[in-house]
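Step one of this worksheet: look at the structure below.
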Amino acid sequence: MPIERVLVVDDESLLRSFLSETLKRRHLEVHTAENGQKALTLLRAHSFDLVITDMKLPDITGLDILKKIKETAPHIVVIVITAYGSIENAVEAMKLGAFNYLIKPFSPDTIEALIDKAAEHLSLIEENNYLRQQVRDDTLLSHTPIIVANGAVMKEIVDQVHQIAKSNSSVFITGESGTGKEVIAHAIHYNSQRAANPFIKVNCAAIPDTLIESEFFGHEKGSFTGAHTKRLGRIELAHTGTLLLDEITETPSMLQAKLLRVIQEHEFERVGGTKSIKVDVRFIATTNRDVTEAINSKMLREDLYYRLNVVPIHLPPLRDRREDIIPLAEHFIELLNQQYATEKGLVDLSKNKLLHYDFPGNIRELANLIERAYVLVEGNTINPEHLSVGEHAAQIAISTNEIEAANASADLKLPVGMSLRELEKKLIIETLATCHSQRKTAEVLGISERTLRNRLQEYKNTNGSAN
């Protein structure tokens, strides 16, 4: 984060001029105050990045100013200067939160070196604050940005990722929800020359329209009601790194136009600001929507799409890469084994059950399914009954081929106007009549035998019609 606005507080006009000239050579905006009260007035009116204050002032002390700053705007960097240096004063200033303590006289080089250190300090604070929040929001999947690729399609995508990572080109990743778009974005960043720099994510669908511009571009103090301090946006936090625009089609058209300008010109202004801020950011965008439909329905600006779609990646759904289902499941189990120091695993029948499920929620659903089974099973063996596939997705699907293999004479008729509960009951009872077995019926419907027994008991208690 660059230092932009500085307040110099000193009762000596020569020192104020010296510091002003030194700071202005660094293209900084400089305000000055000859006493403490004027300094406090300026602090209330403006948002400063750095305050350089003399220890001894005509009305109050530099420590008084330091205390007030840390009470109201703790992010401001404060450097205390004095002609009467003492260890006690230096220790007191540092305890109160001073960034540094300088003894007069000092050279311009000393001030310039401190400016650089202060800018680095502020950047670390901003990045750490963001990363702490991101860690709190992470899920099991986002903690493990590992690409499991057994099939030819995913192996080709992995090869693409390593090639793409070498460039700074924008990337547009498409695919259904839960297919691992964020994992691919992580992999591109952490295999690139930007790996040591910030990876900042924006969930475009989760930010209210009233806040989204400030979230992206930041804002200046006083730019709107509630803007009590200056705030950096995600674009500025991502400087020298990567910005992930997750679900880009959910952003308002007005914001998309401003994003286009940032991508084209590598600069922007904060909300309420007039100064252009230069940034070096790599953009990765994702969407789970059909891009053509999104453009035709005006959810995605065509010009922004072409700017972001320099390198396209499409991730297939999990049902189209079944060879990765078991390796992924075992990967998630291994992570849980490491976390809980256990040795749980899947039996072959459980693997077979997973392979025959379509996973409409893709990898995210698989991860949640495995974690749920892992937590609920008491021993070390995850059996088929522990894998409640289909129940939580309300999937009551029937496999025509399997039923025909059991008995080809069934003819299921579902009249229009029947409630979903009645449809479920009819489907279960007629499938049972066809399969002649609760085990086979449960397998065909993709539910557990326990769930089937509970449903049958419920129907029996209601009208005694189920046997």
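The values are calculated or read from the model by the stated rules, or taken from the named source; none is laboratory data. Small disclaimer: the values here were computed from a predicted structure and weren't measured. In this analysis, Cβ positions are derived from the backbone assuming ideal geometry, glycine residues included, and neighbour counts consider all displayed protein chains.
Couple of notes before you dig in:
- Checking region 332-349 against the condition returns no match, with no residue being of a type in the set (A, V, I, L, M, F, W, C), in contact (Cβ under 8 Å) with a residue 12 or more places away in the chain, farther than 30 Å from residue 382 by Cα and part of a strand (DSSP E or B).
- If you go through region 9-52 and keep only what is under 18 Å from residue 110 (Cα atoms) and either polar (S, T, N, Q) or outside the structural domain of residue 101 (by TED's automatic domain parsing) (or both), you end up with 17, 20, 22.
- Scan of region 114-159 for residues that are charged (D, E, K, R), farther than 25 Å from residue 317 by Cβ and modelled with pLDDT of 75 or more, ordered by number: 116, 117, 120
- Residues being of a type in the set (Val, Ile, Thr) and closer than 29 Å to residue 166 by Cα - total across region 305-352: 3
- Criterion (within 29 Å of residue 233 (Cβ to Cβ) and outside the structural domain of residue 174 (by TED's automatic domain parsing)) met by exactly one of 307, 301, 364, 282: 364
Residues checked against (1) under 26 Å from the mean Cα position of the chain (by Cα); (2) of a type in the set (D, E, K, R):
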{"position": "285", "(1), (2)": "yes, no"}
{"position": "295", "(1), (2)": "yes, no"}
{"position": "309", "(1), (2)": "yes, no"}
{"position": "337", "(1), (2)": "yes, no"}
{"position": "362", "(1), (2)": "yes, no"}
{"position": "371", "(1), (2)": "yes, yes"}
{"position": "377", "(1), (2)": "no, no"}
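- Of the residues making up region 29-57, those that are touching a residue at least 40 places away in the same chain (Cβ under 8 Å) and part of a loop (DSSP other than H, G, I, E, B) number 5.
Residues are listed down the side, and each one gets a yes or a no for (1) among the polar types (S, T, N, Q); (2) in a helix (DSSP H, G or I); (3) closer than 23 Å to residue 43 by Cβ:
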{"residue": "184", "(1), (2), (3)": "no, yes, no"}
{"residue": "188", "(1), (2), (3)": "no, yes, no"}
{"residue": "195", "(1), (2), (3)": "no, no, no"}
{"residue": "215", "(1), (2), (3)": "no, yes, no"}
{"residue": "227", "(1), (2), (3)": "no, no, yes"}
{"residue": "257", "(1), (2), (3)": "no, yes, no"}
{"residue": "273", "(1), (2), (3)": "no, no, yes"}
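Quick grid of which residues meet (1) of a type in the set (Asp, Glu); (2) modelled with pLDDT of 95 or more:
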site	(1), (2)
16	no, no
22	no, no
32	no, yes
36	no, no
51	no, yes
54	yes, no
57	no, no
62	no, no
67	no, no
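- Leading residue by the ranking (modelled with the lowest pLDDT) among those in region 360-412 that are touching a Lys or Arg at 6+ places or on another chain (Cβ under 7 Å) and buried (at least 19 other Cβ atoms within 10 Å of the Cβ): 389
- Residue within region 154-169 that is part of a helix (DSSP H, G or I), of a type outside the set (Val, Ile, Thr) and touching a Leu at 6+ places or on another chain (Cβ under 8 Å) present: no
- Within region 58-77, the set of residues being out of contact with any Lys or Arg (no Cβ under 9 Å at 6 or more places or on another chain), of a type outside the set (D, E, K, R) and part of a helix (DSSP H, G or I) comprises 63, 65, 66, 69.
Conditions tested, residue by residue: (1) of a type in the set (A, V, I, L, M, F, W, C); (2) touching a Lys or Arg at 6+ places or on another chain (Cβ under 7 Å); (3) at pLDDT 95 or above; (4) closer than 30 Å to residue 445 by Cβ.
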position	(1), (2), (3), (4)
294	yes, no, no, no
304	yes, no, yes, no
314	no, no, yes, no
319	no, no, no, yes
338	no, no, no, no
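- Residues in region 414-443 that are at pLDDT 80 or above and either among the β-branched types (Val, Ile, Thr) or part of a loop (DSSP other than H, G, I, E, B) (or both): 428, 429, 431, 441.
- Selection within region 27-49 - buried (at least 16 other Cβ atoms within 10 Å of the Cβ) and within 14 Å of residue 4 (Cα to Cα): 28, 30, 31, 47, 48, 49
- Sub-7 Å Cβ pairs linking a first residue in region 99-128 that is within 16 Å of residue 239 (Cα to Cα) to a second residue that is among the β-branched types (Val, Ile, Thr) and not in a strand (DSSP E or B), at least 6 apart or interchain, are 119/3, ordered by first then second residue.
- Yes/no for residue 290 being at pLDDT below 95, assigned by TED's automatic domain parsing to the domain that holds residue 202, of a type in the set (Asp, Glu) and surrounded by fewer than 17 Cβ atoms within 10 Å (Cβ to Cβ): yes
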